[in-house]
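Undergrad: Got a structure for you, questions after.
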Amino acid sequence: METIQNPKSAIENRAVRELLLGNQAIARGAWEAGVTFVAGYPGTPSTEIIETLAKRYPDTDPRWSTNEKVAFEEGIGAAIGGLRTLVTMKHVGLNVAADAFMVFPYAGTNGGFVFISADDPGMHSSQNEQDNRYFGQMGKVPILEPSDAQECRDFVKAAFDLSEKFNTPVMLRTTTRLAHHKGLVEVGPRQEVSRREFIPDPRRFSVPIYRKALRPQVEERLEALREYAETCPFNFIEHADGKVGVVTSSIAYQYVKEVLPETAVLRLGMTYPLPAKLLRDFCARYETVYVIEEGEPFIEDFMLSQGIANIKGKDLFGVIGEYSPGRLREALGLGSIPQPFTEEIVLLPRPPMLCVGCGHRTVFAALRQLKVTVAGDIGCYTMGALPPFEAEHTTFCMGASIGTAVGLEKAGHKKVVAIIGDSTFIHSGIPPLIDAVYNSSSLTLIILDNSTTGMTGAQPHAATGQNVSGQEAPKLNLVSLCKAAGVENVTVVDTWQRKEITKTIRKAVNHKGPAVVIAQGPCVQLPEMKYRDIPPYTVIEELCTQCDACFKVWCPAIKRTNLNFPVIAGNECTSCTVCAQVCPTEAIVLAEGK
Amino acid sequence: MNKVYSLMFAGVGGQGSLLIAELTSIAAAHAGYDIKQTEVHGVSQRGGSVETHVRFGQKVHSPIVTPGEAAAVIALEKLEALRFAHFVNPETGIVLVNEYEIIPGSVSGAADVYPHESIEYLREKGLNVSALPASQMAHDLGDGRMANVIMIGALSTQLPIPEASWQKALRTRLPSRYLKGNILAFATGQQALQKEPMGG
């Protein structure tokens, strides 16, 4: 995040421009809008928003919450209490928060309330490709969709004004490409917004019986928003000439500008409610209108419902995966795109893998050996399903491992293991663990406790003893928690003690009644692990009998020499000791010096 | 005319391809260009393919580079050069390759099928490929990790970005304790490509 002293901008007397990620621009916009409460749970591609706020704009009071529902509810409280509030999550996070989200619009807000839904077309880091614009529609709240980093900043600011003007939560929908691209962003100062007075009103904020009375207000608000959409600054038309027009939104607008630079465009920055008249009038001017939107035919179906028939959309451009200029070019018949070189040569893939020295490796090696049925969860450890381990058999959503394991057990799988990370366990593993005990399950739960939220790039959580700003925080005790849920058999084990891990899991699996194994060892990507001053391990060839035992721990840092000896890549080795533990001749030792 | 320069940076997680893409973006922005940058990487922290797209010009819309349009593909590893070479403009673009091999650790038997001949192969396909032993050069300078900065030194000879903007980017983005070495690495890369005859 660098401030650019741009000579051109000085000439044009423009504001300071910063090279920002879409997510950093959102953080900046929220700060400028005077936000004083932020909550969320890490999830790609939304994580950098709160990370940036914590690092650069702590006066927005950011926090990592236990899960997205908790974050949303905290946000509701803060907003009706009078604060400008931002809540962030990835698309599937809104599924978790949906219970809170669906009722909030009835009450309306007080301080501005904006939430980010970071969708993931292309499923770069997600288990599905859901298009959350339908969620916004179901909740009957306005949806803003920026098209670049500058608009990420601008739209967040505008969203707060919109929220307060129409007394409604506002969804800002981004996508992976928006969230994770960088552009030059003009920035401004922070607007200080004082807390609005909270007037307790049971007719708005409590007593379900009054909800019936609030119901018509939701429709009245939506009608006002429909009217606003027709002239709002988020929607605009460029180049009115020609026989062909384009209706587009979000990042796809940029691809349209690349591929059809001279074509008439109606860019929709507000995609719910949609402007019926604007769309009808625009489409009436052209023979054909392309509707170019990533994801589902959200705009297209609305246009069809309005009787607009001269459109071409999903039949041409498709619903699956990310769009790109090349994809549009091909779909429009404007030329073919070069393909990767694969003729006469092997384009070897680099599939994802658990890091060298990752503490999950020993657990998956043990599970593979024990031949148990394993219900997995969301985190780096989904890679336990891949070779060489192939020791994880289901993955669905956050916290699903435990419930799935209970069901698998009922379906006749006798030795069932649920496997979940520490952050995911706290996020949504606790109710199913209570349920497993209550309904007499005999499952084994392995908590992979690496003291962080690993997959999203190491964020603290309630059991790490740190808050979002790196300050000391109360530390949740996972052992006591599991015991309180009714699990008597709880064992903590060092995840890099290979034999101990296998023995403990075997015992837990054979135990009658539920058992929890907490496999403890910090994530190797945490600074305290990455920058340890410990030398790597090395092989003494004179002692090596080439028995290959070390190769069977599947560590990617162990390579083979031309003479068939193992050799450990010193720059990759994390000194986890696992290969040294299996060597029968003690030929693997700490390298001297460093 | 609004000429946009598209660049594709490719490497293996941990090699620093994202960092040199950022340095290039900062340099281009300092030189007064509009810029867009985006990266695509898998779920693994290390060992996966990392691709970063950078586009700069008077006005840039898409952050994504389209195959066939790149002014340069900058590959920090030979297999990654092969994976992303089709992004280069086959008539006017250049593929800059660090002659360095990283065998995929997560594929069993990868060493047996690794395409050692990727540079020759791409030249046979008619692409303009310049190969540098950047990792070895960086090692000789005292730190093998600086191979990435040697590569943008070489890249800088091919782009309309002034030297002062590159130097500014290095000074803005790199920690001061690594600055001296990296300025030397950058200059080494510049000289290496100027010496190298162009074309394949």
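Undergrad: Which one of B:134, B:138 is touching a helix residue (DSSP H, G or I) at 6+ places or on another chain (Cβ under 6 Å) and either without any contact (Cβ under 8 Å) to a residue 12 or more places away in the chain or within 14 Å of chain A (Cβ to nearest Cβ) (or both)?
TA: Testing whether each residue is touching a helix residue (DSSP H, G or I) at 6+ places or on another chain (Cβ under 6 Å) and either without any contact (Cβ under 8 Å) to a residue 12 or more places away in the chain or within 14 Å of chain A (Cβ to nearest Cβ) (or both) leaves just B:138.
Undergrad: Could you tell me which of the residues B:156, B:176, B:118 is small (Gly, Ala, Ser), under 18 Å from the mean Cα position of the chain (by Cα) and under 24 Å from residue B:25 (Cα atoms)?
TA: Of the residues listed, the single one that is small (Gly, Ala, Ser), under 18 Å from the mean Cα position of the chain (by Cα) and under 24 Å from residue B:25 (Cα atoms) is B:156.
Undergrad: Using the structure shown, decide if residue B:138 is among the small types (Gly, Ala, Ser) and within 23 Å of residue B:54 (Cα to Cα).
TA: no
Undergrad: Do we have residue A:92 as modelled with pLDDT under 95 and assigned to a helix (DSSP H, G or I) here?
TA: No; evaluated as a whole, the condition is false for this residue.
Undergrad: State all residues of the stretch B:84-126 that are of a type in the set (A, V, I, L, M), under 30 Å from residue B:4 (Cβ atoms), out of contact with any helix residue (DSSP H, G or I) (no Cβ under 6 Å at 6 or more places or on another chain) and within 12 Å of another protein chain (Cβ to nearest Cβ); if no residue qualifies, say none.
TA: First, pick out the residues of the stretch B:84-126 that are of a type in the set (A, V, I, L, M): B:85, B:88, B:94-97, B:102-103, B:107, B:110-111, B:113, B:119, B:122.
Narrowing the set further to residues that are under 30 Å from residue B:4 (Cβ atoms) leaves B:85, B:88, B:94-97, B:119, B:122.
Still in the running and out of contact with any helix residue (DSSP H, G or I) (no Cβ under 6 Å at 6 or more places or on another chain): B:88, B:94, B:119.
Within the stretch B:84-126, B:88, B:119 qualify.
Undergrad: Further, regarding this structure: For the stretch B:27-37, how many residues meet the condition of being surrounded by fewer than 23 Cβ atoms within 10 Å (Cβ to Cβ) and within 14 Å of residue B:169 (Cα to Cα)?
TA: Within the stretch B:27-37, residues that are surrounded by fewer than 23 Cβ atoms within 10 Å (Cβ to Cβ) and within 14 Å of residue B:169 (Cα to Cα) number 2.
Undergrad: May I pose another question? Which one of these is within 14 Å of residue B:19 (Cα to Cα), within 14 Å of chain A (Cβ to nearest Cβ) and without any contact (Cβ under 8 Å) to a residue 24 or more places away in the chain: B:171, B:145? I'd like the intermediate steps shown before the answer.
TA: On the way: B:145 fails: without any contact (Cβ under 8 Å) to a residue 24 or more places away in the chain.
It is B:171.
Undergrad: From the residues in the stretch A:247-279 that are among the hydroxyl-bearing types (Ser, Thr, Tyr) and within 14 Å of residue A:299 (Cα to Cα), which one is farthest from the other protein chains (Cβ to nearest Cβ)? Even if it seems obvious, please write down each step before you answer.
TA: Going through the stretch A:247-279, the residues among the hydroxyl-bearing types (Ser, Thr, Tyr) turn out to be A:248-250, A:253, A:255, A:263, A:271-272.
Subset that is within 14 Å of residue A:299 (Cα to Cα): A:248-250, A:253, A:271-272.
Details: A:248: 12, A:249: 14, A:250: 12, A:253: 8, A:271: 19, A:272: 25 Å.
By that ranking, first place goes to A:272.
Undergrad: Show me the helices (runs of 4 or more DSSP H) found entirely inside the stretch A:280-370 where at least 2 residues are within 14 Å of chain B (Cβ to nearest Cβ).
TA: Result: A:325-331, A:360-370.
Undergrad: Okay, moving on. Restricting the stretch A:521-575 to residues that are in a helix (DSSP H, G or I) and away from every other protein chain (no Cβ under 14 Å), which is farthest from residue A:451 (Cα to Cα)?
TA: A:550
Undergrad: In this structure, is residue A:336 closer than 30 Å to residue B:78 by Cβ and among the hydroxyl-bearing types (Ser, Thr, Tyr)?
TA: So residue A:336 passes the test.
Undergrad: Looking at the stretch A:499-520, which of its residues are within 19 Å of residue A:584 (Cα to Cα) and either within 14 Å of chain B (Cβ to nearest Cβ) or in contact with an Asp or Glu (Cβ under 7 Å, 6 or more places away or on another chain) (or both)?
TA: Within the stretch A:499-520, just A:500 meets the criteria.
Undergrad: Now for a different question. Name every residue in the stretch B:176-186 that is free of Cβ contacts under 8 Å to residues at least 40 places away in the same chain and either under 13 Å from residue B:143 (Cβ atoms) or hydrophobic (A, V, I, L, M, F, W, C) (or both), in order of residue number.
TA: B:177, B:178, B:179, B:180, B:182, B:183, B:186
Undergrad: Based on this model, can you work out whether residue B:168 counts as assigned to a helix (DSSP H, G or I), under 26 Å from residue B:58 (Cβ atoms) and basic (Lys, Arg)?
TA: yes
Undergrad: Filter the stretch B:52-111 for residues that are buried (at least 24 other Cβ atoms within 10 Å of the Cβ), touching a Lys or Arg at 6+ places or on another chain (Cβ under 7 Å) and in a strand (DSSP E or B) and give the result.
TA: Selection gives B:55, B:97.
Undergrad: Can you tell me which of (1) touching a Gly at 6+ places or on another chain (Cβ under 6 Å); (2) surrounded by fewer than 24 Cβ atoms within 10 Å (Cβ to Cβ) is the one residue B:19 doesn't meet?
TA: Evaluating residue B:19 over (1) touching a Gly at 6+ places or on another chain (Cβ under 6 Å); (2) surrounded by fewer than 24 Cβ atoms within 10 Å (Cβ to Cβ) leaves (1) as the failure.
Undergrad: While we're here: Taking the residues in the stretch A:156-179 that are crowded, with 23+ Cβ neighbours inside 10 Å and not in a helix (DSSP H, G or I) as candidates, determine which candidate is farthest from the other protein chains (Cβ to nearest Cβ).
TA: A:168
Undergrad: So, in the stretch B:22-50, how many residues would count as being under 19 Å from residue B:12 (Cα atoms), more than 7 Å from chain A (Cβ to nearest Cβ) and modelled with pLDDT of 95 or more?
TA: Final tally of qualifying residues: 3.
Undergrad: Any chance you could count how many residues in the stretch A:205-244 are part of a loop (DSSP other than H, G, I, E, B), surrounded by 11 or more Cβ atoms within 10 Å (Cβ to Cβ) and within 33 Å of the chain's Cα centre (by Cα)?
TA: Number satisfying all stated conditions: 4.
Undergrad: Of all residues being touching a residue at least 12 places away in the same chain (Cβ under 8 Å) and more than 30 Å from residue B:34 (Cα to Cα) in the stretch A:180-198, which is farthest from the other protein chains (Cβ to nearest Cβ)? Just the residue, please.
TA: A:197
Undergrad: Among the helices (runs of 4 or more DSSP H) contained in the stretch A:396-508, which hold 2 or more residues that are among the aliphatic types (A, V, I, L, M) and crowded, with 17+ Cβ neighbours inside 10 Å?
TA: Counting at least 2 such residues, we get A:400-410, A:430-438, A:478-484.
Undergrad: Related question: Take the residues of the stretch A:371-388 that are crowded, with 24+ Cβ neighbours inside 10 Å and either among the acidic types (Asp, Glu) or closer than 18 Å to residue A:551 by Cα (or both): which is nearest to the other protein chains (Cβ to nearest Cβ)?
TA: My answer is A:384.
Undergrad: Another one. Could you tell me whether the stretch A:537-556 includes any residue that is surrounded by 12 or more Cβ atoms within 10 Å (Cβ to Cβ), modelled with pLDDT of 95 or more and closer than 30 Å to residue A:464 by Cα?
TA: Scanning the stretch A:537-556 turns up at least one residue that is surrounded by 12 or more Cβ atoms within 10 Å (Cβ to Cβ), modelled with pLDDT of 95 or more and closer than 30 Å to residue A:464 by Cα.
Undergrad: If I ask for residues that are more than 16 Å from residue A:261 (Cα to Cα) and either touching a residue at least 60 places away in the same chain (Cβ under 8 Å) or of a type outside the set (Asp, Glu) (or both), which ones from the stretch A:332-346 would you list?
TA: Matches in the stretch A:332-346: A:336, A:337, A:338, A:339, A:340, A:341, A:342, A:345, A:346.
The values are calculated or read from the model by the stated rules, or taken from the named source; none is laboratory data. Quick caveat, the model's predicted, so the values are computed rather than measured. Heads up, the Cβs are rebuilt from the backbone with ideal geometry, glycines too, and the neighbour counts pull from every protein chain shown.
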